[in-house]
Amino acid sequence: MKLFYKKLTGLVLPIAFQNFMLSLVSATDAVMLGKLSQNTLSAVSLASQITFVHSLFLAALTIGMTILVAQYWGSGNKTAVEKITAHVMFISEIISAAFFIVSTAFPRALMTLFTSDAELIKSGSTYLKIVGVSYMLSGISQIYLCAMKNSGHAVRSMIISSTAVLLNILFNALFIFGLAGLPAMGIAGAALATVLCRGIELFWTVGESLGKNKIRFRPAYIFRNEKNLTTGFRRYTAPVLGNELVWGCGFTMYAVIMGHLGTDAVAANALVNIVKNLIVCFCMGIGSGGGIIIGNELGNGELSLARKDGDTLLRLSVVSGILTGLVLLALSPFIVRTMDLSTQAAYYFKGMSISCACYMAGKAVNTSLVAGIFCAGGDSKFGLICDSITMWLVTVPLGYITAFILHWPVIAVFAVVNMDELIKLPAVLIHYKKYKWVQNLTNTV
């Protein structure tokens, strides 16, 4: 047990901190752009939904990659890890190129999906034209950072990602407000800062890959016919990708629903999601770190130990979910006082914070089990089924009905569309206890 906690701490802290730093960029964007105007904050929030959907594809690829890399690294097969990394990076760049083209060529069309407000469409289009370049850069860097986390270099991965975030915050201030003699670029400055920092992150990861005893990116592996690896990757990644898209597009539909309830609702929704993402990082770190450890154990044939450590991880996720919900409630009054929100938006934010605190308890457990433990053992289909039912048959339809047919208050609509994590929690716990995830994948792929 002590060894498990030691390993978990060594992974959770750097991964959680890395996730926190990534979320911090959105938070600082909100604070800085909110100082310009509430509409500027709202426009970036809506435009960032495209970045969010792109991140879903990257998340699916990295989760699918982790399923195999963690187990092969646990079994000591470095060559297999490098072959998987090359294959995933190739797929990632194809997807990222598509997002780059659509975002830079058709920004206004994308913005009209989220809002009918002319000012928000114009500002959001400006942001998308520039930030679209960052998709090509992150399509490479994020895959390699994932390989580092799964091969014993989680701290180094955290340092690279966190440094890029700190530079992003600095560049935000310089470009948005025109500090140090630079022209004030406003919303375009926030986008430019993101592109520059993704470029720095990419060059750093390329340099890191050339180091001694590091996972190398070998282009030759892309064109080799490694059926046992590529077929295995696609088998486990396809359900994860489906799950990410089902969940992410459902979450984007929440933004569409809230986006048509007025700029005050958009601003409050954007802010509460930023705060939620900052606080939930620790829970996500537990899920990701625990999944890597359990994947290593399963790949090494230690099935009973993986099952025991899974039970420990479940208990930790329950505690972390409760604590993070309480932290969110404690911080909400302070956030309202520091942000330049209208009276109506501040009222919405306070009510939304209560719903989010309840959401956090379910989110912590579901993340640790579905995205961490289940995927570690190749059980990736359950999440797809679960999210498809809860979001697209329950919360998305109810959100539309309550917002546009029943005309419920904004806070009530927000509560309805954030019920998904609590609705699916009983099914997730029942599925966990079946222990279908306890399997060694290196024997089957």
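The values are calculated or read from the model by the stated rules, or taken from the named source; none is laboratory data. Remember, predicted model here, so these are calculated numbers, not experimental data. Because the Cβ atoms are built from the backbone with ideal geometry, glycine has one as well, and the counts that use them run over all protein chains shown. Just so you know, the surface numbers come from the protein's heavy atoms only, side chains and all, with ligands and any DNA or RNA stripped out. Shrake-Rupley method; radii C 1.70, N 1.55, O 1.52, S 1.80 Å.
Data for the structure
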read-out: Where a label projected 7 Å from the Cα of residue 423 along Cα→Cβ would reach, residues of the range 403-417 with amide N under 14 Å; value: 403, 413-417
read-out: Modelled FRET efficiency - R0 45 Å, residue 347 with residue 101, Cβ distances, 0.05 increments; value: 0.65
read-out: Dipole magnitude (debye, nearest 20) for the chain, charges at Cβ of Lys, Arg, Asp, Glu; value: 1100 debye
read-out: Accessible area per residue, Å², the range 64-190 with all protein chains present, probe 1.4 Å; value: 36 Å²
read-out: Spacing of the two label points (7 Å from each Cα toward its C-beta) at residue 170 and residue 392, in nm; value: 4.5 nm
read-out: Linear extension gain, residue 406 paired with residue 163, 0.36 nm per residue minus alpha-carbon span; value: 82.7 nm
read-out: With DNA, RNA and ligands ignored, accessible area of residue 260 (1.4 Å probe; Å², nearest 10); value: 90 Å²
read-out: Pairs of lysines in the range 329-445 (C-alpha under 24 Å apart; 8 or more residues apart or interchain); value: 13
read-out: The chain: angle of helix 133-149 to the longest principal axis, Cα-based, in degrees nearest 10; value: 40 degrees
read-out: Nearest 10 degrees, 0 to 90: helix 420-432 Cα axis against the chain principal axis; value: 10 degrees
read-out: Heavy-atom accessible surface of the range 230-282: percent carbon and sulfur, 1.4 Å; value: 67 percent
read-out: The range 267-379 - charge dipole about Cα centre, Lys and Arg +1 at Cβ, Asp and Glu -1, debye rounded to 20; value: 380 debye
read-out: Of all accessible heavy-atom area on the range 297-445, the percent that carbon and sulfur account for (1.4 Å); value: 68 percent
read-out: Whole-Hz ³J(HN,Hα) from phi, Karplus 6.51 cos²θ - 1.76 cosθ + 1.60, for the range 389-394, glycine and proline x; value: 6, 5, 8, 8, 9, 10
read-out: Helix 118-131 axis, angle to the chain major axis (alpha carbon atoms, nearest 10°); value: 40 degrees
read-out: Fraction of the pair-distance distribution of the chain above 43 Å, Cα-Cα pairs, percent; value: 10 percent
read-out: Per residue solvent-accessible surface (Å²) - the range 246-372, probe of 1.4 Å; value: 35 Å²
read-out: Accessible surface ranking that places the most exposed of 198, 156 first, with a 1.4 angstrom probe; value: 156, 198
read-out: For residue 150, residues with placed amide H under 5 Å, excluding near neighbours; value: none
read-out: Accessible surface, 1.4 Å probe, highest first, among residues 314, 328; value: 314, 328
read-out: Among 174, 365, 259 the positive-end extreme of the charge dipole of the chain (Cβ point charges); value: 365
read-out: Cα-only Debye scattering, the range 81-136: base-10 log of I(q)/I(0) at q = 0.24, 0.25, 0.30, 0.31 Å⁻¹; value: -0.84, -0.88, -1.06, -1.10
read-out: Computed accessible area, residue 257, all protein chains, 1.4 angstrom probe, square angstrom; value: 0 Å²
read-out: Accessible surface ranking that places the most exposed of 358, 146, 249 first, with a 1.4 angstrom probe; value: 358, 249, 146
read-out: Debye equation applied to the C-alpha atoms of the range 157-283, log10 I(q)/I(0) at 0.15 Å⁻¹; value: -1.13
read-out: Gaussian network model of the chain, springs between alpha carbon atoms under 10 Å - residue of 351, 295, 181 with greatest fluctuation; value: 181
read-out: Karplus 3J(HN,Hα) series, Hz, for the range 58-65 with 6.51 cos²θ - 1.76 cosθ + 1.60 (x for Gly, Pro); value: 5, 5, 4, 5, 6, 5, x, 5
read-out: Rough spin-label spacing in nm, given labels placed 7 Å along Cα→Cβ, for residue 93 and residue 354; value: 5.2 nm
